[in-house]
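Below is one structure, written out as structure tokens; the observations come after it.
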Amino acid sequence: MTSFDPAFFRPFKPADEQLDRYLQNAERDLRIAEQDEFLEVRFAYAYQALIKAGIALIAKKGGVRVRSVPGHHVQILSKMSEILNDPDIDAIGNAMRTKRNLDLYEGGTLLSEKDVAEYVAFVTKALARVTRAIYPK
């Protein structure tokens, strides 16, 4: 069973409508990542979609809401990885987070079309898994 550090998470019982909104926002961000012409925009929106999917998953499966504190994206990715039993979410998600931080705080990072396409494909698969975990058939 996944445990949630109260420094990063607080109890939360989401309504289905809230979960729907989380997932709809993640899907909207993913569509932007798929369609925009700028690599930086595509990458940023793919990362946002992954984080939003994680927020929805953690709310549903963990009964918690993430706190907006330093390190919370690391926690979201780690808990997503645990819940879905997929170490790639932690590894690839953190690689994306690191690139995002380099771009945001260190004056930029170079992104290739290949890298961004791979990240978008990865997030597409992760979002589909999150949706199935939240709403199993």
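Look at Arg65 and say whether it is touching a residue at least 60 places away in the same chain (Cβ under 8 Å), among the charged types (D, E, K, R) and more than 18 Å from Tyr135 (Cβ to Cβ).
Criteria not met by Arg65.
Looking at segment 123-137, can you tell me whether even one residue there is touching a Lys or Arg at 6+ places or on another chain (Cβ under 6 Å), surrounded by fewer than 21 Cβ atoms within 10 Å (Cβ to Cβ) and in a helix (DSSP H, G or I)? Steps first, please.
Taking segment 123-137 and keeping what is touching a Lys or Arg at 6+ places or on another chain (Cβ under 6 Å), we get 134.
Next, from what is left, pick out any that are surrounded by fewer than 21 Cβ atoms within 10 Å (Cβ to Cβ): 134.
Checking which are in a helix (DSSP H, G or I) leaves us with 134.
Yes, because at least one residue in segment 123-137 is touching a Lys or Arg at 6+ places or on another chain (Cβ under 6 Å), surrounded by fewer than 21 Cβ atoms within 10 Å (Cβ to Cβ) and in a helix (DSSP H, G or I).
Residue check: is Gly93 in a loop (DSSP other than H, G, I, E, B) and free of Cβ contacts under 8 Å to residues at least 60 places away in the same chain? Before you say what the answer is, go through the steps one by one.
On the way: in a loop (DSSP other than H, G, I, E, B): no; free of Cβ contacts under 8 Å to residues at least 60 places away in the same chain: yes.
The answer is no for Gly93.
Out of the residues in segment 1-50 meeting the condition of being touching a strand residue (DSSP E or B) at 6+ places or on another chain (Cβ under 9 Å) and surrounded by 14 or more Cβ atoms within 10 Å (Cβ to Cβ), tell me which one is nearest to Val74 (Cα to Cα).
Among those residues, the one meeting the criterion is Phe8.
Are any residues in segment 107-122 surrounded by 13 or more Cβ atoms within 10 Å (Cβ to Cβ) and part of a helix (DSSP H, G or I), and if so, which ones? Steps first, answer last, please.
In the first step, residues of segment 107-122 are kept if they are surrounded by 13 or more Cβ atoms within 10 Å (Cβ to Cβ); the result is 109, 111, 115-120, 122.
Correct list: Asp115, Val116, Ala117, Glu118, Tyr119, Val120, Phe122.
Give the residues of segment 52-76 that are in a strand (DSSP E or B) and basic (Lys, Arg), sorted by residue number.
So in segment 52-76, the residues in a strand (DSSP E or B) come out as 64-66.
Answer for segment 52-76, where residues must be in a strand (DSSP E or B) and basic (Lys, Arg): just Arg65.
Give the residues of segment 77-90 that are in contact with a helix residue (DSSP H, G or I) (Cβ under 8 Å, 6 or more places away or on another chain) and either of a type in the set (Val, Ile, Thr) or not in a helix (DSSP H, G or I) (or both), sorted by residue number.
Within segment 77-90, Ile83, Asp86, Ile89 meet the criteria.
Per-residue answers, yes or no, for (1) over 16 Å from the mean Cα position of the chain (by Cα); (2) in a strand (DSSP E or B); (3) free of Cβ contacts under 8 Å to residues at least 60 places away in the same chain:
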| residue | (1), (2), (3) |
| --- | --- |
| Thr2 | yes, no, no |
| Ala7 | yes, no, no |
| Lys13 | yes, no, yes |
| Leu19 | no, no, no |
| Tyr22 | no, no, yes |
| Asp29 | no, no, yes |
| Glu34 | no, no, no |
| Tyr47 | no, no, no |
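Which of (1) assigned to a helix (DSSP H, G or I); (2) in contact with a helix residue (DSSP H, G or I) (Cβ under 8 Å, 6 or more places away or on another chain) is the odd one out, the single condition Leu104 does not satisfy?
Going through the list (1) assigned to a helix (DSSP H, G or I); (2) in contact with a helix residue (DSSP H, G or I) (Cβ under 8 Å, 6 or more places away or on another chain), Leu104 breaks only (2).
Kindly indicate whether any position in segment 2-22 is under 17 Å from Phe122 (Cβ atoms), modelled with pLDDT of 95 or more and of a type outside the set (A, V, I, L, M, F, W, C).
Within segment 2-22, the subset under 17 Å from Phe122 (Cβ atoms) is none.
No: segment 2-22 contains no residue that is under 17 Å from Phe122 (Cβ atoms), modelled with pLDDT of 95 or more and of a type outside the set (A, V, I, L, M, F, W, C).
The values are calculated or read from the model by the stated rules, or taken from the named source; none is laboratory data. The structure displayed is predicted, hence computed values, not measured ones. Counting neighbours? That spans all protein chains shown, and the Cβs are built from the backbone with ideal geometry, glycine included.
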